[in-house]
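These notes concern the structure reproduced below.
The values are calculated or read from the model by the stated rules, or taken from the named source; none is laboratory data. All values derive from a computational prediction rather than experimental measurement. No Cβ is skipped: glycine too gets one built from the backbone with ideal geometry, and neighbour counts run over all protein chains shown. Quick note on the areas: whole protein, heavy atoms, side chains included, nothing else; ligands and nucleic acids left out. Shrake-Rupley method; radii C 1.70, N 1.55, O 1.52, S 1.80 Å.
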Amino acid sequence: MALTDYQNDMETCCRCSACKFIPLEKVNGFNYVNVCPSISRYDFHAYSGGGRLGMGVALLENKLDYSDKLLEIVYNCQMCGACDTSCKYAMDMEVLDPINEIRNSCVESGHTVPILDKLITSLRANGSMVLTSGAKRGDWAKELKVKDYTKQKAEVIYHAGCRTCFDRDMWNVAQSAIKLMQKAGIDVAIAHEEPCCGGRAYQMGYKEDAVNRASRNMDVIKKSGVKTLVTGCAECYHAFKVLYDKFGVKGSLEVLHTTEYFDRLIKTGKLKPNKKVELSVTYHDPCHLGRQGEPYIHWQGKQIPGQIILFDPPKEFRRGTFGVYEPPRDVLKSIPGIKLTEMERTKEYAWCCGAGGGVRESNPDFARWTANERIKEVRATGTSVIVSACPGCETSFRDINKENSGSLQVYDVVELLAQAIL
Ligand code: SF4
Ligand code: SF4
């Protein structure tokens, strides 16, 4: 797909601004109705989903150049997909896909953000977009007896993700996941030289790098014969499950998030959380596990443009409803002693942690502001314990907490499950 393929979608935008807010019927409280970090922070229509679609049309009609200002607006967006979900509450049109295509067309025409270019240079040279790290890729698993699926046969792959591999603060999550799987008798393997999934490269507009990486990774996985991949990173989950399917390379690989997998192991009696973990917590839905985590739906056909586009054959839309919402909550509820309180913006209308779309690297101040907004919402529930299911989200919250010398405690669902079992 290219930007031109979304011309009808972009022209259907009626500038109603619904993409800036949670749909009225879904609002849970007066204080938290905004859903798009970009428009909430910059307060000018161009910084919204609809505003970006208008820029996409202007680019196609050569009424706008790839100026520095255009790049600044296009990249001050977390690619969180909240605009897409809110718009599709009433409309049948794509919003996030064309926004991603605008980024792709920026990169293809040579207009890039220097720091993001640096990340891609690192990806091409070292296979990772993590620039600074004291750790080596496979170090987190050194003390564990775990097979390498690139050399040995196994039943299930555990993919830790770059953010976890290179961040010692996140190692406990990956190590706990392996120990829990081993306790349940699962024949699990990792790649000691685990490759980057390429998902973040795609979100930043580097489509070719992402597609190449997806093809290479799937060649290795198919050769291993493994049928199931489990990952604890929401962005890797989205890449393997949704993007690889979109790129046509996923095949029949079953892709599960650790919360889905452990929920299954608990419900089939293979894992029994029986130690008390006395904590009052709230759960943060990662964008790429929640609204963006639902399966990809292939559609090919004819669009009949007009005030409302008609699709022949009818097109089924991804509206965020079928993301992974219950498994992480069910795992938490299975742990004795845990009390779960919900924030006002949850599930498909959750507020982003701020780290997505390259914003953490290109505009750390905006990323911090976005995370702080979420932390205020955490505090409003009366708890100071936030649990999530993605190293990107958890690192954002932990960093802010350190800066503020705060009292927030940040956990991954897997860490709490390990406390209840191991
Ligand atoms: S993107 Fe959708 S919700 Fe936003 S202004 Fe356009 S039509 Fe309205
Ligand atoms: S993807 Fe997220 S940050 Fe970007 S315009 Fe949509 S809601 Fe706003």
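Laid out as a table, the results:
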| item | result |
| --- | --- |
| The stretch 23-41, subset touching a Gly at 6+ places or on another chain (Cβ under 8 Å) and assigned to a helix (DSSP H, G or I), residue nearest to ligand 1 (Cβ to nearest atom) | Ile39 |
| Filter pass, Gly56 being open to solvent by less than 10 Å² (accessible area, probe 1.4 Å) and of a type outside the set (S, T, N, Q) | yes |
| When residues of the stretch 261-304 are limited to those that are among the basic types (Lys, Arg) and modelled with pLDDT of 95 or more, the one nearest to Lys250 (Cα to Cα) | Arg291 |
| Any pair with Cβ under 7 angstrom, 6 or more apart, that starts in the stretch 276-297 at a residue that is touching a residue at least 24 places away in the same chain (Cβ under 8 Å) and of a type in the set (Val, Ile, Thr) and ends at one that is in a loop (DSSP other than H, G, I, E, B) and open to solvent by 50 Å² or more (accessible area, probe 1.4 Å) | Thr282/Glu342 |
| Subset tally (residues that are surrounded by fewer than 14 Cβ atoms within 10 Å (Cβ to Cβ) and touching a helix residue (DSSP H, G or I) at 6+ places or on another chain (Cβ under 6 Å)) for the stretch 267-298 | 1 |
| Residues of the stretch 145-172 satisfying the condition of being touching a helix residue (DSSP H, G or I) at 6+ places or on another chain (Cβ under 8 Å), modelled with pLDDT of 95 or more and open to solvent by 10 Å² or more (accessible area, probe 1.4 Å) | Val146, Tyr149, Thr150, Lys153, Ala154, Trp171, Asn172 |
| Matching entry among Leu116, Leu96 (being within 11 Å of ligand 2 (Cβ to nearest atom) and touching a Ser or Thr at 6+ places or on another chain (Cβ under 9 Å)) | Leu96 |
| Among residues of the stretch 95-116, those that are within 11 Å of ligand 1 (Cβ to nearest atom) and touching a Cys at 6+ places or on another chain (Cβ under 9 Å), counted | 3 |
| Among residues of the stretch 335-361, those that are outside any loop (DSSP other than H, G, I, E, B) and either of a type in the set (Val, Ile, Thr) or open to solvent by 40 Å² or more (accessible area, probe 1.4 Å) (or both), counted | 7 |
| Any hit, the stretch 4-22, residues being of a type outside the set (Lys, Arg), touching a residue at least 40 places away in the same chain (Cβ under 8 Å), assigned to a loop (DSSP other than H, G, I, E, B) and more than 15 Å from ligand 1 (Cβ to nearest atom) | no |
| From Gly50, Gly56, residue being closer than 15 Å to Asn104 by Cα and in a helix (DSSP H, G or I) | Gly56 |
| First in the stretch 42-54 and free of Cβ contacts under 8 Å to residues at least 24 places away in the same chain and within 12 Å of ligand 1 (Cβ to nearest atom), second anywhere and open to solvent by 10 Å² or more (accessible area, probe 1.4 Å) and not aliphatic (A, V, I, L, M), Cβ under 7 Å, 6 or more apart | Gly51/His45 |
| Failed item in (1) at pLDDT 95 or above; (2) more than 8 Å from ligand 2 (Cβ to nearest atom); (3) open to solvent by less than 20 Å² (accessible area, probe 1.4 Å), with Gly29 passing the rest | (1) |
| Among the residues listed as Pro314, Pro328, the single one being farther than 30 Å from Thr112 by Cα and part of a loop (DSSP other than H, G, I, E, B) | Pro314 |
| When residues of the stretch 375-396 are limited to those that are of a type in the set (Gly, Ala, Ser) and over 18 Å from Glu235 (Cβ atoms), the one farthest from the chain's Cα centre (by Cα) | Gly382 |
| Candidates Cys106, Cys80 - the one that is in contact (Cβ under 8 Å) with a residue 40 or more places away in the chain and assigned to a loop (DSSP other than H, G, I, E, B) | Cys80 |
